[in-house]
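Read through the structure below, which is laid out as C-alpha cells, and then see the notes.
Here, each number is a calculation from the coordinates, and none is a lab measurement. Since the model is a prediction, treat every value here as computed from it, not as a measurement. Cβ sites come from the backbone with ideal geometry, for glycine too, and all protein chains shown count toward neighbours.
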Amino acid sequence: MKYALLLLFFALLSGCQTTSPEPGITGQGEFTASDPEYGYVPHKPVKLGGFLRGSKYEGSHIEYFQSLTGPNGEPVKVKRLGSCCPFEDKTMPFGGGMLDKYELRYRGQKKPVTIYVNLYQFEAPQAPQGFTLL
C-alpha cells in the first residue's frame, strides 16, 4: 500500500511539471488582429488586465509591450500618454474604469500611432494591425 501511494505521489508530481505558465503572451507567434480597429479605437481596446495587484494577469501589459514589434520585427518604443475614456463594468468594484493611451513608434514608421489599452479586463491579446507579437 505504501508503494502504491508513493508511486501515485510521484506520478502526480511529474504531471504538474508539464503545465505551462499563465498568461503567457510570448510564444504566440506573429499574431495580428484581423479587425483594423482593434486597439486603435476606445470601444475596441487591447484588454491586458493585470493592473490590479494580485490579479491572475498582473504584469501582462509589460510582457505584451516587450513582445510587440513592427511589421518587420522592428523594436517598438512605447510611451504612455495617460488615461482617458471611462467605461462601465458592473463586475468591477467601482462599476468601471478608465482606458490608457499609449503611443507606439518604430524606426521607418511614417508617424507614431496611438492605441487604447484596458488594464482591468483580460482577453488573449493580439497585435494591432501594422504590428506583430513575437
Between residue 78 and residue 105, what is the label-point separation in nm under the 7 Å Cα-to-beta-carbon projection?
1.7
Stick to the Cα atoms of the range 83-126, pair each with every other, and give me the Kirkwood hydrodynamic radius in Å at one decimal.
12.2
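For a quick protection proxy, order the peptides 113-120, 39-46 by their average other-Cβ count within 10 Å, most packed first.
Ranking, from highest mean packing down: 113-120, 39-46.
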